[in-house]
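The structure appears below as structure tokens.
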């Protein structure tokens, strides 16, 4: 992600200089391009947002998107809270007992009455659907940075990938203290 952010910083500088904006549609990149653009301070000046259509199912679900919704003037904070107020999290004892564990089902009821359902049987990060090294690094960094600070979190992530070459574990101690 750090490499992507470096590229995004250059893109952001060019977009700001040219007074241009960008909107991103991604598939295999899974949102990383948009995330890197939004990670650069001042992103609202040049980044309109992005959409990830990772699967054919997602494309089909969104192809009939109501164009009137896209034209509605909505502030991001309002739309986020509006959407969150319509989300209901429902526990399911059968899913808790299901194997493999860590499954998930998302069901959507659309305004036009259509119902969409997706069942993930192996969520990202399980043995059946492992994360890449870069994904693990990014996740660890973003979880640790608010507690340890960005510099120490980066150093700790880098050290974790080289544990086999460290002369001793004592070198990690200063990085681990919150």
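Derivation of every value follows stated rules applied to the coordinates shown; laboratory data play no part. Just so it is clear, the structure is predicted and the values come from calculations on it, not from any experiment. We place every Cβ from the backbone using ideal geometry, glycine too, and count neighbours over all the protein chains shown.
A few remarks follow.
- Put in line by how crowded their Cβ is, counting other Cβ atoms within 10 Å and starting with the fewest, 105, 87 read 87, 105.
- Cα-Cα separations in the range 133-176 greater than 12 Å, expressed as whole percent: 57
- Listing 163, 15, 89 from fewest to most neighbouring C-beta atoms within 10 Å gives 89, 163, 15.
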